Amino acid sequence: MDFDFSADQRALAEAIQRIVADHRDLPRTGNVVEPRAFHPATEMEAALAGGGFFDIALEDECGAVEAAILVYEAGLSPLVLETGASVLIAPLLTGEALSRPVAVARLSDLTRGVRFLSEARTLIVDLGDDVAVVDMGAHEVVPLDGVYAYPIGKFAAEPDLSAARRLGAGKAGELRRLWRLALALDIAAAMQAATDFTTDYVKQRQVFGRPVGSFQAVQHRLAADAEKCRGTYWLAIKAAWSGSPLDAALAALQAQRAVTQVNYDMHQFNGALGMTLEHALHLWTFRLRWLVGEMGGYRTQAADVAALAWPDAPRKAG
Amino acid sequence: MEFAWTESEEAYRAELRAVLATLPDDWWDEYAPHGPSSPRLMEYARIFNARLAERDLIVRHWPAEYGGCDASAWQQIIISEEMWSIGEPRSSLYLGTNWAGPAIMKFGTEAQKQRWLRAIAAGELLWCQGFSEPEAGTDLGNMKTRAEPDGIDYVVNGTKIWTSYAARADVMFLLARVGGKGKGGVSCFIVPMDTPGIEIRPIPGVHSRHDFHEIFFTDARLPVDALLGEEGNGWQIVQAIIHYERIGAGRYEKAARGLAHVVDVLKARGLFDDAVVRADCAAALAMVEAARLQTYLVIDGRAKDSEPGAETYLARWAMIQADHAVANLTSTYLPDLLVDGADGHLRAQFNSAITAGIAAGAAEVQLNMISGRHLGLPRGN
């Protein structure tokens, strides 16, 4: 067993980290961060595109682990960028790069709300057994304003997908495996970034004459949350490496179950400041508030974990 | 990056399972439920450990000069998984292989190494750990037991408590105070349990009638070669071995196998059709696998001779949560199976899980360590 990335994977991670670090400044008016629900990573996106990073999963000797590195590292940024569907799901599902941004959704989500749909050029739809790949050029989407730190959109009416390309019977299972992997990576990154941000904050913020982070009541919860971040991360990386549907479902389950406590703690420790749009915390925690319910939430992942882990159910006689 | 076992690691696991196949037929009914410190299991461990030793299986990861086979650190976690998950038929031999041995290897004299390490490799020693005291449990630096040098020997007086295995152990890894107050006054000793001046009182526990003991030292004389390392460097030794101790037992694997058994029983009772039950089982499995990976991360560092870091404490915390998650499934959905004679496998997992956050350093200490070493948070007043 070897938990280290290869030299090439480390180089990839470092290159992406440099780009993310170089393009993480939030837009400001004077000294104040512009109060928006999310900030698009326009320059970071251009830099990653210029470096050819979005096609990493299709490069020779590359695949899900390399794509996972990009999804995770980009997900640490306070600026929002669609990567999971276009960098990981689409190329590994179809063998080709689809026009990005790419949105991914269940059929029932289309008229309710889909992450990145308002700006997506391609939509991947889980039809239950088959998968539809939709060119979004001809479709009208309603952007949804709200609290989430993602662009969200929905179809104004039930879309006609009859002309959409189909990937074939049985492909939806593979879509769900990849979607869960991408979901777990997005959650792992947002939880880690929110925890790092909060850890820095509680080291500096004084209360009763000492740093907030010196109180054991705060420390123990942050420590437990740190474990949730690392546990989720390693489950996701292993799932990327193995290609196992069970590993992906476990990663997504652990990720979605972790979100509620981590989100609550981070907001508690940032206090009222964390409830303002000028403070960066919401840029991760309000991603998490969307991600916690994606793909049906943790009960859906749990049901599939149970089905995959314990398939042959000897039932009670009679 | 590689998450699969090598062929030689799989072969080692198969060799261990061949020896485990020799366990008595009533293992889950009569041995495992009462824990690795029960009299019957400790007695049986001497036979079982000899079988392991015959095949050179006990410390494959140690250097050949001390009875090992120069294998990687991964073999240590493989034997921990295989043994702990089935109720630890080695009994407290594992204290010797997991951390007392490494401590002797790192800090002992050559004579100590030849004496103790070879005996561990030969499966001859059952250990106990003389750390906690009535007024110093988690706060080890507050211990009061003294080892006074009188020019010939060290003379030990004091009390240890909540000590597992003590009544039937051969040797104790003892912390005692030679110097002054605080952590700097602590020293380590290796103490044969038949040393005159040691009195042992069993303390029945809720999880096991035979696990805890109180140990009274009254003018117990230890020769100078019982001292491990230098006088006053006991805390340094403890800090060095703590990483081995805290993830030494493969608790996640015991939880994993316990969970598989829980699911089988739930299915047999028709309870696994319930979506909530299935979700709870799935959540426990995710916690077990998260703990497993974080433990493997620590072992990976050890196999590469990296300095141990905060990953140990993250792994230990994850392991405790996973162990409790499975035990809670049993007490929530199968409470009738925790009574005597009902289901030894479930009882064994439950009994060891409920001590997981207390033994080998309180869970809250793990959180303290994560706070300081992983997150860099400032100390409180």
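Pick from the range B:154-186 the residues that are surrounded by 23 or more Cβ atoms within 10 Å (Cβ to Cβ) and of a type in the set (Gly, Ala, Ser): which of them is nearest to B:Pro223 (Cα to Cα)?
B:Ala176
So that you can scan it fast, the table gives a plain yes or no per residue for (1) under 30 Å from A:Arg205 (Cβ atoms); (2) within 14 Å of chain B (Cβ to nearest Cβ):
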site: A:Gly243; (1), (2): no, yes
site: A:Leu246; (1), (2): no, yes
site: A:Val262; (1), (2): yes, yes
site: A:Met266; (1), (2): yes, yes
site: A:Leu273; (1), (2): yes, no
site: A:Ala280; (1), (2): yes, no
site: A:Arg289; (1), (2): yes, no
site: A:Gln301; (1), (2): no, yes
site: A:Ala309; (1), (2): no, yes
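Is one or more of the residues making up the range B:128-144 in contact with an Asp or Glu (Cβ under 8 Å, 6 or more places away or on another chain), at pLDDT 95 or above and not basic (Lys, Arg)?
No, there is no match, as no residue in the range B:128-144 is in contact with an Asp or Glu (Cβ under 8 Å, 6 or more places away or on another chain), at pLDDT 95 or above and not basic (Lys, Arg).
Cβ contacts < 9 Å: first residue more than 8 Å from chain A (Cβ to nearest Cβ) and part of a helix (DSSP H, G or I), restricted to the range B:312-327; second residue surrounded by fewer than 24 Cβ atoms within 10 Å (Cβ to Cβ) and among the hydroxyl-bearing types (Ser, Thr, Tyr), any location; separation 6+ or different chain. Result?
Pairs found: B:Thr312/B:Tyr244; B:Ala315/B:Tyr296.
What is the residue count in the range B:357-381 for residues that are over 13 Å from B:Leu314 (Cβ atoms) and within 8 Å of another protein chain (Cβ to nearest Cβ)?
Final tally of qualifying residues: 7.
When the range B:25-47 is examined, which residues are found to be out of contact with any helix residue (DSSP H, G or I) (no Cβ under 7 Å at 6 or more places or on another chain) and free of Cβ contacts under 8 Å to residues at least 24 places away in the same chain?
Selection gives B:Asp25, B:Asp26, B:Ile47.
Restricting attention to the range B:136-194, and to residues there that are of a type in the set (Phe, Trp, Tyr) and in a strand (DSSP E or B), which single residue is nearest to B:Leu93 (Cα to Cα)? Show your work before the answer.
Residues of the range B:136-194 that are of a type in the set (Phe, Trp, Tyr), as a first pass: B:154, B:162, B:165, B:173, B:189.
Filter once more, so that each one left must be in a strand (DSSP E or B): B:154, B:173, B:189.
Values: B:Tyr154: 26, B:Phe173: 12, B:Phe189: 18 Å.
Here the residue is B:Phe173.
Checking B:Asn351 against (1) farther than 14 Å from B:Val265 by Cβ; (2) buried (at least 19 other Cβ atoms within 10 Å of the Cβ); (3) touching a Gly at 6+ places or on another chain (Cβ under 9 Å); (4) within 14 Å of chain A (Cβ to nearest Cβ), only one condition comes out false. Which one?
Just one mismatch for B:Asn351, condition (4).
Does the range A:176-197 contain any residue that is touching a strand residue (DSSP E or B) at 6+ places or on another chain (Cβ under 7 Å), away from every other protein chain (no Cβ under 14 Å) and either buried (at least 21 other Cβ atoms within 10 Å of the Cβ) or in contact (Cβ under 8 Å) with a residue 24 or more places away in the chain (or both)? Give the derivation first.
Here is the first cut: in the range A:176-197, the residues touching a strand residue (DSSP E or B) at 6+ places or on another chain (Cβ under 7 Å) are A:176, A:179.
Next, from what is left, pick out any that are away from every other protein chain (no Cβ under 14 Å): A:176, A:179.
If we keep only those that are either buried (at least 21 other Cβ atoms within 10 Å of the Cβ) or in contact (Cβ under 8 Å) with a residue 24 or more places away in the chain (or both) as well, we get A:176, A:179.
Checking the range A:176-197: at least one residue is touching a strand residue (DSSP E or B) at 6+ places or on another chain (Cβ under 7 Å), away from every other protein chain (no Cβ under 14 Å) and either buried (at least 21 other Cβ atoms within 10 Å of the Cβ) or in contact (Cβ under 8 Å) with a residue 24 or more places away in the chain (or both).
Just to be sure I understand, how many residues within the range A:198-208 are more than 9 Å from chain B (Cβ to nearest Cβ), more than 12 Å from A:Val262 (Cα to Cα) and either buried (at least 22 other Cβ atoms within 10 Å of the Cβ) or not hydroxyl-bearing (Ser, Thr, Tyr) (or both)? Even if it seems obvious, please write down each step before you answer.
Keep residues of the range A:198-208 that are more than 9 Å from chain B (Cβ to nearest Cβ), which gives A:198, A:200-201, A:204-208.
Checking which are more than 12 Å from A:Val262 (Cα to Cα) leaves us with A:200-201, A:204-208.
Next cut, either buried (at least 22 other Cβ atoms within 10 Å of the Cβ) or not hydroxyl-bearing (Ser, Thr, Tyr) (or both) only: A:200, A:204-208.
Residues flagged as more than 9 Å from chain B (Cβ to nearest Cβ), more than 12 Å from A:Val262 (Cα to Cα) and either buried (at least 22 other Cβ atoms within 10 Å of the Cβ) or not hydroxyl-bearing (Ser, Thr, Tyr) (or both) within the range A:198-208 amount to 6.
State the number of residues belonging to the range A:42-71 that are within 14 Å of chain B (Cβ to nearest Cβ) and hydroxyl-bearing (Ser, Thr, Tyr).
0
Within the range B:141-197, how many residues turn out to be small (Gly, Ala, Ser) and within 23 Å of the chain's Cα centre (by Cα)?
Of all residues in the range B:141-197, those small (Gly, Ala, Ser) come to B:141, B:147, B:151, B:158, B:164, B:166-167, B:169, B:176, B:179-180, B:182, B:184-185, B:187, B:197.
Subset that is within 23 Å of the chain's Cα centre (by Cα): B:141, B:164, B:166-167, B:169, B:176, B:187.
The total comes to 7.
Could you list all residues from the range B:63-81 that are surrounded by 23 or more Cβ atoms within 10 Å (Cβ to Cβ) and more than 14 Å from every other protein chain (Cβ to nearest Cβ)?
Residues satisfying the conditions are B:Ile79, B:Ser80.
Determine whether the range B:216-227 contains at least one residue that is acidic (Asp, Glu), out of contact with any strand residue (DSSP E or B) (no Cβ under 6 Å at 6 or more places or on another chain), modelled with pLDDT of 90 or more and assigned to a loop (DSSP other than H, G, I, E, B). Spell out how you get there, then give the answer.
Within the range B:216-227, the first condition is being acidic (Asp, Glu), and the residues that meet it are B:219, B:225.
Narrowing the set further to residues that are out of contact with any strand residue (DSSP E or B) (no Cβ under 6 Å at 6 or more places or on another chain) leaves B:225.
Next cut, modelled with pLDDT of 90 or more only: B:225.
Now restrict to residues that are assigned to a loop (DSSP other than H, G, I, E, B): none.
Within the range B:216-227, none of the residues are acidic (Asp, Glu), out of contact with any strand residue (DSSP E or B) (no Cβ under 6 Å at 6 or more places or on another chain), modelled with pLDDT of 90 or more and assigned to a loop (DSSP other than H, G, I, E, B).
May I ask you to list the residues in the range A:95-134 that are of a type outside the set (D, E, K, R), within 25 Å of A:Glu66 (Cα to Cα) and surrounded by fewer than 19 Cβ atoms within 10 Å (Cβ to Cβ)?
Hits for the range A:95-134 are A:Gly95, A:Ala97, A:Ser99.
Evaluate the range A:224-234: report whether one residue or more is hydroxyl-bearing (Ser, Thr, Tyr), crowded, with 19+ Cβ neighbours inside 10 Å and in a helix (DSSP H, G or I). Write out each step before concluding.
Kept after step one, since they are hydroxyl-bearing (Ser, Thr, Tyr), are these residues of the range A:224-234: A:232-233.
Still in the list and also crowded, with 19+ Cβ neighbours inside 10 Å: A:232-233.
Imposing the further condition that a residue be in a helix (DSSP H, G or I) reduces the set to A:232-233.
Checked the range A:224-234: at least one residue is hydroxyl-bearing (Ser, Thr, Tyr), crowded, with 19+ Cβ neighbours inside 10 Å and in a helix (DSSP H, G or I).
Return the only residue of A:Ala255, A:Ala309, A:Ala248, A:Ala302 being in contact with a Lys or Arg (Cβ under 6 Å, 6 or more places away or on another chain) and touching a residue at least 24 places away in the same chain (Cβ under 8 Å). Break it down stepwise before answering.
Numbers: A:Ala255 fails: in contact with a Lys or Arg (Cβ under 6 Å, 6 or more places away or on another chain); A:Ala309 fails: in contact with a Lys or Arg (Cβ under 6 Å, 6 or more places away or on another chain); A:Ala302 fails: in contact with a Lys or Arg (Cβ under 6 Å, 6 or more places away or on another chain).
Checking each option against the conditions leaves just A:Ala248.
So A:Phe54 clears everything in (1) touching a strand residue (DSSP E or B) at 6+ places or on another chain (Cβ under 8 Å); (2) of a type in the set (Phe, Trp, Tyr); (3) assigned to a helix (DSSP H, G or I) except one condition, right? Which one?
For A:Phe54, the failing item is (1).
Can you confirm whether the range B:82-94 contains a residue that is surrounded by fewer than 24 Cβ atoms within 10 Å (Cβ to Cβ) and more than 18 Å from the chain's Cα centre (by Cα)?
no
Looking only at the range A:83-92, decide whether some residue is closer than 20 Å to A:Ile124 by Cβ, away from chain B (no Cβ under 14 Å) and part of a loop (DSSP other than H, G, I, E, B).
Yes, that holds for at least one residue.
Here are some conditions: (1) of a type in the set (D, E, K, R); (2) crowded, with 24+ Cβ neighbours inside 10 Å; (3) closer than 19 Å to A:Tyr298 by Cα. B:Asp273 meets all but one. Which one does it not meet?
Here B:Asp273 meets the rest and fails (2).
From the list B:Ala310, B:Ala290, pick out the single residue that is over 13 Å from B:Ile247 (Cβ atoms), surrounded by 19 or more Cβ atoms within 10 Å (Cβ to Cβ) and among the aliphatic types (A, V, I, L, M).
So the residue among B:Ala310, B:Ala290 that is over 13 Å from B:Ile247 (Cβ atoms), surrounded by 19 or more Cβ atoms within 10 Å (Cβ to Cβ) and among the aliphatic types (A, V, I, L, M) is B:Ala290.
Which numbered condition trips up B:Ser208, out of (1) modelled with pLDDT of 90 or more; (2) over 30 Å from B:Gly309 (Cα atoms); (3) away from chain A (no Cβ under 14 Å)?
(1)
Across the range A:212-241, which residue is nearest to the other protein chains (Cβ to nearest Cβ) among those that are among the hydroxyl-bearing types (Ser, Thr, Tyr) and within 13 Å of A:Ile187 (Cβ to Cβ)? I'd like the intermediate steps shown before the answer.
Applying the first criterion (among the hydroxyl-bearing types (Ser, Thr, Tyr)) to the range A:212-241 yields A:214, A:232-233.
Filter again for within 13 Å of A:Ile187 (Cβ to Cβ), leaving A:232-233.
Details: A:Thr232: 7, A:Tyr233: 9 Å.
Across the range A:212-241, the extreme among qualifying residues is A:Thr232.
So which residues in the range B:1-48 are within 14 Å of chain A (Cβ to nearest Cβ), part of a loop (DSSP other than H, G, I, E, B) and surrounded by 12 or more Cβ atoms within 10 Å (Cβ to Cβ), if there are any at all?
Of all residues in the range B:1-48, those within 14 Å of chain A (Cβ to nearest Cβ) come to B:1-10, B:12-13.
Retained after the next criterion (residues that are part of a loop (DSSP other than H, G, I, E, B)): B:1, B:3-6.
B:Met1, B:Phe3, B:Trp5, B:Thr6, listed by residue number.
Being more than 19 Å from B:Gly141 (Cβ to Cβ), of a type outside the set (A, V, I, L, M) and more than 18 Å from the chain's Cα centre (by Cα) is the filter here; which residues of the range B:218-250 pass it?
B:Thr218, B:Asp219, B:Arg221, B:Pro223, B:Asp225, listed by residue number.
Where residues in the range B:193-247 are touching a residue at least 60 places away in the same chain (Cβ under 8 Å) and basic (Lys, Arg), which of them is nearest to B:Gly35 (Cα to Cα)?
Out of the qualifying residues, it is B:Arg209.
The values are calculated or read from the model by the stated rules, or taken from the named source; none is laboratory data. Predicted model, so just to flag it, every value in this text is computed and none were measured. Quick reminder, even Gly has a Cβ in these numbers, built from the backbone with ideal geometry, and neighbours come from all protein chains shown.
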